[in-house]
Amino acid sequence: MKKQLVKAMQRNQLVDIMYMAKDKSITKRRIKVIAMTGDSFQAYCFVRHAKRVVKIDNILAITPGIHRDRVVI
């Protein structure tokens, strides 16, 4: 998954992730990766309209962000 995140960051592209939050709830978010820092990364979340820090180990799935019937990744 880290490779996909790095690729999305390098290409300035969006991805959709499913991840487990601190309270063990599962959440789906559309994000833009801003920076990678070891076992986590900073991203802009289009659901919350804010920057977030996400642990890579908490990501359950990652898919290309789709916008207007075209693949972004």
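The values are calculated or read from the model by the stated rules, or taken from the named source; none is laboratory data. These figures come from a predicted structure and were not determined experimentally. Positions of Cβ are generated from backbone atoms using ideal geometry, with glycine treated the same way; all protein chains shown enter the neighbour counts. Each accessible area value is taken on the protein alone, full model and side chains, heavy atoms only, with ligands, DNA and RNA left out. Shrake-Rupley method; radii C 1.70, N 1.55, O 1.52, S 1.80 Å.
Go through region 3-16 residue by residue and turn each phi into a ³J(HN,Hα) via Karplus (6.51, -1.76, 1.60, θ = phi - 60°); whole Hz please, and just put x for glycine and proline.
Karplus values, whole Hz, x for Gly and Pro: 4, 5, 5, 4, 4, 4, 5, 5, 8, 6, 10, 8, 9, 9.
On the principal axes of its Cα set, how long, how wide and how thick is the chain? Give whole Å, largest value first.
Principal-axis extents of the Cα atoms in the chain, largest first: 34, 23, 21 Å.
Pulled fully out, how much extra length does the chain show between R29 and L60, if you take 0.36 nm times their separation in residues and subtract their Cα-Cα distance?
10.0 nm
In nm, give the distance between the simple-model label positions of K2 and K22, each being 7 Å from the Cα along the Cα-to-Cβ direction.
Here the modelled spin labels are 2.4 nm apart.
Summarise the accessible area of the chain (1.4 Å probe, protein heavy atoms) by the percent that is carbon and sulfur. Write down the numbers at each step before the final one.
Values: 2610 of 5070 Å².
Summing carbon and sulfur atoms, their accessible area is 51 percent of the total for the chain.
Using protein chains only and a probe of 1.4 angstrom, how many square angstrom of T37 are accessible, to the nearest 10?
Accessible area, nearest 10 Å²: 80 Å².
How much area per residue is accessible in region 2-73 when the probe is 1.4 Å and only protein heavy atoms are counted (Å²)?
69 Å²
Given labels modelled 7 Å from the Cα in the Cβ direction, how far is it in nm from M36 to N12?
Going by the 7 Å Cα→Cβ label model, 1.9 nm.
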